[in-house]
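Student: My questions all concern the structure below.
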Amino acid sequence: MAVVESILRFLVLLLSFFGTLALAGLGLAVIFGIMGIINFAHGEFIMIGAYSTSIAYGAGIPLAGAIVVGGLTTGAFGLVVERLLIRHMYDRLIDTLVATWGLSLILTQAVQIQFGGTFGSIPVPFGTFQYAGFSASMYKIVLGLTALGLFAGTYAVFTQTTYGLQARAAMQNKEMARSLGVDTGRTYMLTFAFGSVLSGIAGGLFAPLTVLTPTMGSEYIVEAFVTVIVGGTNVLIGTFGAALSLGLIQTPASQLFGTLGGRVALLVTTILIIRVLPEGISGVVTSD
Amino acid sequence: MSLLELDAVNAGYGRTPVLHDISMEIHEGEIVSLIGRNGAGKSTLMKTIIGLLTPTSGELTFAGESIGDDSPERRARRGIGYVPQDKEIFPRLTVHENLKVGRFVNETNERALFEEMYDYFPILDERRNQKAGTMSGGEQQMLAVARALVGAPDLLLLDEPSEGVQPTIVEEISDIVQEINRDIGTTVFFVEQNLDFTINTTERCYVIETGELVNELPPDDLRDSEVVQRHITV
Amino acid sequence: MSRDVRKRTENGEKDSQNAFNRRNFLKSVTVSAGAVSLGGCTGQIGGADGEGPITIGTLYDNSGPLGFVGKGKDAATEMWLEQQEYELLGREVEWIDYNPAGDNTKYKNLTRKQIQQDDVDMIFGALLSSNREALRPIVDENQQLFSYNDWYEGGVCDEYMVINTTLTSQQRPLIDFMVENFGSDYYALVADYNYGRVSNRYARHYARENGAEPVNEEFIPLDTSEFGSTINRIREEDPDWILSLLVGSAQYSFFKQAESAGIDLPYGSLANIAGTYEHVSFDPPVMADTYSCFSYFQEIPTETNQEFVENFQERNPAYTKEEGGYVFLSIADAWNAIRFYWNAVENAGTVDQEAVLAEYENGLEMDSPKGPVTFNGETHHATQNMWLAKVNDDHSVSFLDMDGEETEEPIAENVQTSEWFRNQCNLVDDSSWDEPRTEYLTPDEGDLG
């Protein structure tokens, strides 16, 4: 069935674009949405997740476990960065931009010196999905579904835990939250660590599909920023809506005009959306 | 016994001093109000007590301990509940979530008073799962009061609870504040321009003028609306 | 002057990358003492014949995305210099090793510094064409002899540049082989920058001469690492084989993603394996059935090469298979580059740059890990053998002849630059030291026919 094949092809591609956009953007969105901080080293956090996943995988831990290790390692690293660097710069957007940009350069070079140009690769698991004349990488399907799972997990963290409630309160009104006993310093520290865990998990999930290099973060930084810009400050709905709508643009565009066409469509759409909706998708869903 | 004590407190915004040598004392179980004209420094005093402003000099003592160097979150956890002038409920949290944020006020409380609050404010019970930002001004004010009380604070700070609220609701809030004072023993300190609210609720009243406490009206004077009027007319 | 003072970097100190072995440690101890006395003689005597050391400069990235390439080239340079005990024509050789870190502005500044401050006799350097084009005006203006030795699309016709690496036109046997053995419908994946586009033009031209035609040519931005739509399109077009001009670590993700999507087509590559050893980096069978044609592969089964590889890996264990490394094309090219220079100087009996160039133009010949190489005086490019490597299922490499039979011989011998370029560029007849040609020629669509 050629029609079924075409639909499958479209859906799988959409799922993989959606997964890439959502995974690349989620950690950045959490940190930006809650703390108002733009982490320019976000790509390098993804890289750290990928490297630590690869090291754990090389040590014999199965991939799923290795990805968890990658997420936790990146989270621990994020915690250190927050304590040493970020917390001194709350509410100073430009300062954090410059500081995290500097951090990204340092991280890239440090990894280059420590591990050299390329690093142990992880084979793509799960093999091939086959239906009639159509075949696709099973892992890409899993990747898209995992992205959905991470959204669900993030949603649960923000709605079901004390930390999540306090983070949302601090995001909406920091002074009032403090006046009600919320230790916003601690909330921000946990937020940065949580965002880092998400970036690390994304890095671990990307690791089998890509080549690990110190500069690999730059491959995801466009996707991450585009998703967050289009999504706006609403961490969950904004990011999810952005990844889905951008995926819906990129999928047919890249089918019709190739990879370059898909990329161009992505950027043009972003420009149009911020023209029409300066606050991104969040501006639509959270008008109160 | 004194619960809150201010001794020669000076505070302001940046380099602009607003409060000059404020000294006052609030005893456990009292309901005390502060009246004064617009711009006299009422809200500034409230913010200085909760810690959103740092005094440039002077001593703040709460339950016998100096709190002048504490952060707002620390003061809240010691047992001060704060209702700011503009309500400042969290608009994108539900009513119940707003209350949950307040439960860490007074960290020594044994349990949060969710059900009690819903009993005092039945309208909040009806709207438990509604986003707080979608409610009316009066309902938001009730939520702000309930949120500050849910952790059973020792001291409740109310900054102009009647502002922008319909008279019937003003009366309701006034009644509930007195009930809570009676039932739970919460000490109340509030700032008001609304005469009725002040007269109905308060036991003792400080008068502030251009950043200085100029008078303290005992309960008898409070019944004399002429006296009160003089201090708060704009 | 201490004989150990042989290498300087930007900071006047031995760089730290190998600082842990004892010999380098001793060397670094003597550097500070030596640097003082060096200051007295460089700049005064320097390049011209006379007393004092011969100075050669290298400009290979030691950091940035191509840092691993430049480090390999420096390691090859060092190996040669140590074998020669830093001595040429009975004089001491001083090596001035700067790291341009992939930054074209640094390339320019460091070129200027080597020429004007360090007064070098010869420079080896630049990795990308963009690096080379950034510094070439400075080289030309200062009449500085310069060796470019990293694989590129071809086209530099410059009096002061001597070039000894694989050019896209020299890889023609790959296209002939792929069409002959797999069919005439191919799908081209092309890195979207100058090297990719120009090389694709050559490939298409050679394919058409064989009656073949691309079913699609997809130009892919360099930082692309998501190939879902490309894989879908390949499946729709159903080609006989895939031409890879994929460049850079992001784009190499294609091979992994194609493998896991069940694409089972042979790759004919003008850009992989020899220089970037994907068959070592990736676990088999991701690169299985890749055919690649270059002048050098670590696996070339000649005695000269095996000895070279052993020596190099013994000195630099990072380039062994155990460490995930590979003795790649750029290393062999840097090795040949400095050896060509050595031969030219020895023949000339001087480091006078014009005299040395004359020796290059006389047609230097030598044996090398690649096999015999000749320097072509007219084009200033090397004539060399091309090998066709096949990556097997276990990622080992076999060499094939035109019929697809395994062999221990190159697929083409003594391959020159393209006919088009030879017609355009004759630096012996049309150019001289003082009236030089300094051009960078790019063929248009019709030029190659």
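The values are calculated or read from the model by the stated rules, or taken from the named source; none is laboratory data. Not measured: the values here are computed from a predicted model. Counting neighbours? That spans all protein chains shown, and the Cβs are built from the backbone with ideal geometry, glycine included.
Student: Just a yes or no: is a residue in region A:37-57 over 29 Å from A:Gln166 (Cβ atoms) and within 11 Å of another protein chain (Cβ to nearest Cβ)?
Tutor: no
Student: Looking at region A:247-279 only, could you name the residues that are crowded, with 19+ Cβ neighbours inside 10 Å and at pLDDT below 85?
Tutor: Residues satisfying the conditions are A:Gln255, A:Gly258, A:Thr259.
Student: Considering region C:285-329 alone, what residues qualify as being within 14 Å of chain A (Cβ to nearest Cβ), surrounded by 14 or more Cβ atoms within 10 Å (Cβ to Cβ) and within 28 Å of C:Ser260 (Cβ to Cβ)?
Tutor: Hits for region C:285-329 are C:Pro285, C:Val286, C:Met287, C:Ala288, C:Gly324, C:Gly325, C:Tyr326, C:Phe328.
Student: I would also like to ask the following. Hey, can you tell me all the residues within region B:15-74 that are within 13 Å of the chain's Cα centre (by Cα) and of a type in the set (S, T, N, Q)?
Tutor: B:Ser33, B:Ser43, B:Thr44, B:Thr48
Student: Here are A:Asp91, A:Asp95: which of them is more than 14 Å from chain C (Cβ to nearest Cβ), at positive phi and not aliphatic (A, V, I, L, M)?
Tutor: A:Asp91
Student: Sticking with this structure for a sec: Suppose we filter region B:117-164 for residues that are assigned to a loop (DSSP other than H, G, I, E, B), within 20 Å of the chain's Cα centre (by Cα) and within 12 Å of chain A (Cβ to nearest Cβ); how many remain?
Tutor: The total comes to 3.
Student: Looking at A:Ile38, A:Ile55, can you tell me which residue is out of contact with any His (no Cβ under 9 Å at 6 or more places or on another chain), in contact (Cβ under 8 Å) with a residue 24 or more places away in the chain, surrounded by fewer than 20 Cβ atoms within 10 Å (Cβ to Cβ) and not in a helix (DSSP H, G or I)?
Tutor: A:Ile38
Student: Follow-up question, since we're still on this one. What's the number of the condition C:Val247 fails, among (1) aliphatic (A, V, I, L, M); (2) assigned to a loop (DSSP other than H, G, I, E, B); (3) under 28 Å from A:Phe126 (Cβ atoms)?
Tutor: So C:Val247 meets the others, but not (3).
Student: Please return the ranges of strands (runs of 3 or more DSSP E) entirely within region C:362-440 where 1 or more residues are farther than 30 Å from C:Pro284 by Cβ and within 20 Å of the chain's Cα centre (by Cα).
Tutor: Once the strands (runs of 3 or more DSSP E) in region C:362-440 are filtered for at least 1 residues that are farther than 30 Å from C:Pro284 by Cβ and within 20 Å of the chain's Cα centre (by Cα), what remains is C:373-376, C:381-391, C:412-415, C:438-440.
Student: For residues that are crowded, with 24+ Cβ neighbours inside 10 Å and more than 19 Å from B:Val177 (Cβ to Cβ), tally how many sit in region B:77-92.
Tutor: 1
Student: While we're here: Out of the residues in region B:58-82 that are in contact (Cβ under 8 Å) with a residue 40 or more places away in the chain and assigned to a loop (DSSP other than H, G, I, E, B), state the one that is nearest to the other protein chains (Cβ to nearest Cβ).
Tutor: Applying the filter and picking the extreme gives B:Gly79.
Student: On the basis of being touching a residue at least 12 places away in the same chain (Cβ under 8 Å) and either of a type in the set (Val, Ile, Thr) or more than 9 Å from chain A (Cβ to nearest Cβ) (or both), does B:Glu107 make the cut?
Tutor: Here the answer is no, as B:Glu107 does not meet what is asked.
Student: With the structure loaded, tell me whether B:Thr44 is within 30 Å of B:Lys131 (Cα to Cα), among the β-branched types (Val, Ile, Thr) and more than 10 Å from chain A (Cβ to nearest Cβ) or whether it fails that test.
Tutor: yes
Student: Give the number of residues within region B:47-57 that are assigned to a loop (DSSP other than H, G, I, E, B) and facing chain A (nearest Cβ under 8 Å).
Tutor: Residues flagged as assigned to a loop (DSSP other than H, G, I, E, B) and facing chain A (nearest Cβ under 8 Å) within region B:47-57 amount to 2.
Student: Looking only at region C:130-149, count every residue that is surrounded by fewer than 24 Cβ atoms within 10 Å (Cβ to Cβ) and over 18 Å from C:Arg437 (Cα atoms) and tell me the total.
Tutor: 1
Student: So which of B:Glu172, B:Glu209 ends up being at pLDDT 85 or above and closer than 18 Å to B:Ser43 by Cα?
Tutor: Exactly one of B:Glu172, B:Glu209 is at pLDDT 85 or above and closer than 18 Å to B:Ser43 by Cα, namely B:Glu209.
Student: Name, by its number, the condition in (1) touching a residue at least 60 places away in the same chain (Cβ under 8 Å); (2) over 17 Å from B:Ala146 (Cα atoms); (3) of a type outside the set (D, E, K, R); (4) outside any strand (DSSP E or B) that does not hold for B:Gln85.
Tutor: (2)
Student: Confirm whether A:Leu145 is away from every other protein chain (no Cβ under 11 Å) and either closer than 30 Å to A:Ile7 by Cα or hydroxyl-bearing (Ser, Thr, Tyr) (or both).
Tutor: Considered against the rule, which asks whether it is away from every other protein chain (no Cβ under 11 Å) and either closer than 30 Å to A:Ile7 by Cα or hydroxyl-bearing (Ser, Thr, Tyr) (or both), A:Leu145 comes out as yes.
Student: Just wondering, is there one or more residues in region B:96-111 that are of a type in the set (S, T, N, Q) and on the phi > 0 side of the Ramachandran plot?
Tutor: yes
Student: Let me ask another. Please work out which residue is farthest from C:Thr224 (Cα to Cα), limiting yourself to region C:180-199 and to residues that are under 20 Å from the mean Cα position of the chain (by Cα) and buried (at least 23 other Cβ atoms within 10 Å of the Cβ).
Tutor: Once the filter is applied, the top-ranked residue is C:Ser199.
Student: If C:Asn210 meets every condition in (1) in contact with a helix residue (DSSP H, G or I) (Cβ under 7 Å, 6 or more places away or on another chain); (2) surrounded by 22 or more Cβ atoms within 10 Å (Cβ to Cβ); (3) more than 9 Å from chain A (Cβ to nearest Cβ); (4) farther than 29 Å from A:Ser6 by Cβ apart from one, which number is that one?
Tutor: Among (1) in contact with a helix residue (DSSP H, G or I) (Cβ under 7 Å, 6 or more places away or on another chain); (2) surrounded by 22 or more Cβ atoms within 10 Å (Cβ to Cβ); (3) more than 9 Å from chain A (Cβ to nearest Cβ); (4) farther than 29 Å from A:Ser6 by Cβ, C:Asn210 violates only (2).
Student: Next up: Read through the list (1) in a loop (DSSP other than H, G, I, E, B); (2) touching a Gly at 6+ places or on another chain (Cβ under 6 Å); (3) not aromatic (Phe, Trp, Tyr), then give the number of the only condition that A:Leu143 fails.
Tutor: (1)
Student: Here's a follow-up. Regarding region C:226-233, can at least one residue be identified that is of a type in the set (Gly, Ala, Ser) and surrounded by fewer than 24 Cβ atoms within 10 Å (Cβ to Cβ)?
Tutor: For region C:226-233, residues of a type in the set (Gly, Ala, Ser) and surrounded by fewer than 24 Cβ atoms within 10 Å (Cβ to Cβ): absent.
Here's the yes/no breakdown for (1) small (Gly, Ala, Ser); (2) within 11 Å of chain C (Cβ to nearest Cβ); (3) assigned to a helix (DSSP H, G or I):
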{"residue": "A:Val81", "(1), (2), (3)": "no, no, yes"}
{"residue": "A:Trp101", "(1), (2), (3)": "no, no, yes"}
{"residue": "A:Ser104", "(1), (2), (3)": "yes, no, yes"}
{"residue": "A:Leu107", "(1), (2), (3)": "no, no, yes"}
{"residue": "A:Gln114", "(1), (2), (3)": "no, no, yes"}
{"residue": "A:Val124", "(1), (2), (3)": "no, yes, no"}
{"residue": "A:Ala136", "(1), (2), (3)": "yes, yes, no"}
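Student: Moving on. Looking at (1) among the aliphatic types (A, V, I, L, M); (2) within 18 Å of C:Gly275 (Cβ to Cβ); (3) touching a Lys or Arg at 6+ places or on another chain (Cβ under 7 Å), find the lone condition where C:Val69 falls short.
Tutor: Among (1) among the aliphatic types (A, V, I, L, M); (2) within 18 Å of C:Gly275 (Cβ to Cβ); (3) touching a Lys or Arg at 6+ places or on another chain (Cβ under 7 Å), C:Val69 violates only (3).
Student: Here's another thing I want to ask about it. For region C:262-271, which residues satisfy the criterion of being surrounded by fewer than 24 Cβ atoms within 10 Å (Cβ to Cβ) and either over 16 Å from A:Gly127 (Cα atoms) or in contact with a helix residue (DSSP H, G or I) (Cβ under 8 Å, 6 or more places away or on another chain) (or both)?
Tutor: C:Ile263, C:Leu265, C:Pro266, listed by residue number.
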